[in-house]
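Participant: Dropping the structure in here first, questions after.
The values are calculated or read from the model by the stated rules, or taken from the named source; none is laboratory data. Here the structure is a predicted model, which means the values were calculated and not measured. Neighbour counts are summed over all protein chains in view; Cβ atoms, including those assigned to glycine, are modelled from backbone coordinates with ideal geometry. These area figures cover heavy atoms from the full protein model, side chains too; ligands, DNA and RNA do not enter into them. Shrake-Rupley method; radii C 1.70, N 1.55, O 1.52, S 1.80 Å.
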Amino acid sequence: QLNNKGFTPIEVPNLAPSPTIQTGDNALLLRELRNNRLISERTLPENISSFHYRPEVMFKHKWSKQTITTRGLFINTITNEIVIRAYDKFFNLGETRQTEYRTLAENLTFPVTAWVKENGYLGLVGFDSTAGDLVFASKTTTEGEFADWFRELFEHRYGAHRDYLARYLDEHGASLVCEVLLPGKDPHIIEYGQDDVVLLELIRRQREYKALPEAEQISVSQQLGMRLKKKAIVLEDWAAFEAWYESVQGMDYTFENKEIEGFVLEDAAGWHVKVKLDYY
């Protein structure tokens, strides 16, 4: 500021997110989400909003590139930073045209990895640069019992590594995506003997879905002491897929002598499809 005594600096705190987060594109994304009548916004504390596709998208199959993104998407609406980014919505085998068995040979990019699908609920850990802290969420919100249960279990199990995880998610611009298993509070069809958290993925906090390399998942799970999702098999081509798929059919099928919900197939391009087993 210039006055009759000369220049005086005015200092303003820099609330901009980490340079790993590209907020320019996110400002456009935020406008697009708010203008899409098929997507709802849920306002949460700390200037965070979650975005989720409306029920009619599911019931009337109005899926688009944008609606599949809004599943576990949380944005700081002041800084435009994506503080949490989960998977794109993906579907059961046979649920959409793209996932029909007869079209999979054309849609899958081999090799394809089959991961054991745990039967709990999704717990998300992100990072907000403005607050300089982790953000915990579940089921479109950072509040409520499911988010609280996840936060409490996470803090109890991994609280000693909180600073490490905050630095990691900040520096890598990533979210931690977990399966939360709470048989006492939230029982599911598949029975579990104790509470647990399973690391499913480390996902970039950006508009387009992109997971971090598997080596990073392994490293972070070891650092936290957290169980990592189980790799069942890698299928190199369509013939191997057909043989494997036939082998997992039937009520008597178990994986490592246990009933499971099914598998998540991930192809070489990062595309996912769910396979639910007969027992489930």
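Participant: Let me spell out the model: positive unit charges on the Cβ of Lys and Arg, negative unit charges on the Cβ of Asp and Glu, origin at the Cα centre of the chain. What dipole size does that give, in debye rounded to 20?
Facilitator: My answer is approximately 1000 debye.
Participant: Please compute the contact order of the stretch 1-140 in relative form: average sequence separation of alpha-carbon pairs under 8 Å and at least six residues apart, divided by the residue count, as a percent.
Facilitator: Relative contact order comes out at 21 percent.
Participant: How many percent of the accessible area of the chain is carbon or sulfur, using a 1.4 Å probe?
Facilitator: That share works out to 48 percent.
Participant: Please report, to two decimal places, log10 I(q)/I(0) for the chain at q = 0.09, 0.13, 0.14 Å⁻¹ as given by the Debye formula with identical point scatterers on the Cα atoms and no solvent.
Facilitator: Here log10 of I(q) over I(0) equals -0.47, -0.94, -1.08.
Participant: Related question: Relative contact order of the chain: what whole-number percent is it, with Cα pairs under 8 angstrom and at least 6 residues apart?
Facilitator: Computed over the chain, the figure is 20 percent.
Participant: Hey, which aspartates and glutamates would be in cross-link range of Lys185, C-alpha to C-alpha under 20 Å, not counting anything within fewer than 8 residues on its own chain?
Facilitator: Candidates past the 8-residue exclusion: Glu118, Glu143, Glu145, Asp148, Glu152, Glu155, Asp195, Asp196, Glu261.
Participant: Only Cα pairs under 8 Å and at least 6 apart count here; give the relative contact order of the stretch 102-248 as a rounded whole percent.
Facilitator: Relative contact order of the stretch 102-248: 28 percent.
Participant: Can you bin the stretch 157-211 into rounded, prolate or oblate? Criterion: square roots of the alpha carbon gyration tensor eigenvalues sorted a ≥ b ≥ c, rounded for a/c under 1.5, prolate for a/b above b/c, oblate for the rest.
Facilitator: Because a/c hits 1.5 or more and a/b fails to exceed b/c, the stretch 157-211 counts as oblate.
Participant: Oh, and also: Take the alpha carbon atoms of the stretch 105-122, find their center, do the same for the stretch 223-280, and report the distance between the two centers in whole angstrom.
Facilitator: Here the two parts' Cα centres lie 6 Å apart.
Participant: Taking 7 Å along the Cα-to-C-beta vector as the label spot, tell me the Ala131-Val234 distance in nanometres, rounded to one decimal.
Facilitator: Each label point is offset 7 Å from its Cα along the Cβ direction, giving 3.9 nm.
Participant: Still on this structure, I have one more. Could you work out the helix-only [θ] at 222 nm for the chain, with each DSSP H run of four or more residues adding -39,500 (n - 2.57) and the total divided by the number of residues, to the nearest 500 deg cm²/dmol?
Facilitator: Computed ellipticity for the chain at 222 nm equals -7500 deg cm²/dmol.
Participant: Sticking with this structure for a sec: What is the spin-label model distance, in nm, from Thr96 to Asn3 if the labels are put 7 Å beyond Cα along the C-beta direction?
Facilitator: Each label point lies 7 Å from its Cα, and together they span 6.1 nm.
Participant: Obtain the nm distance between the two label points defined at Arg227 and Thr141 by a simple spin-label model: each point lies 7 Å from its Cα along the Cα-to-C-beta direction.
Facilitator: Distance between the two pseudo-spin positions: 2.8 nm.
Participant: Sticking with this one: Averaged per residue, what accessible surface does the chain expose to a 1.4 Å probe, in Å²?
Facilitator: 52 Å²
Participant: If you don't mind, another one. Quick one: of Lys62/Lys139; Lys231/Lys274; Lys62/Lys230, which pairs are farther than 25 Å apart, Cα to Cα?
Facilitator: The answer is Lys62/Lys230.
Participant: PRE reach from Glu155 (point 7 Å along Cα→Cβ): which of the stretch 100-131 fall under 17 Å by backbone N?
Facilitator: What the label zone holds, given the 17 Å backbone N cut-off, is 124-128.
Participant: Now a separate question. Run the dipole for the stretch 139-201 about the Cα centre, Lys and Arg Cβ at +1, Asp and Glu Cβ at -1, nothing else charged, and hand back the magnitude in debye, nearest 20.
Facilitator: 80 debye
Participant: Place +1 on the Cβ of every Lys and Arg and -1 on the Cβ of every Asp and Glu in the chain, take the dipole about the Cα centre, and give the residue among Phe7, Tyr209, Val234 whose Cα lies farthest towards its positive end.
Facilitator: Phe7
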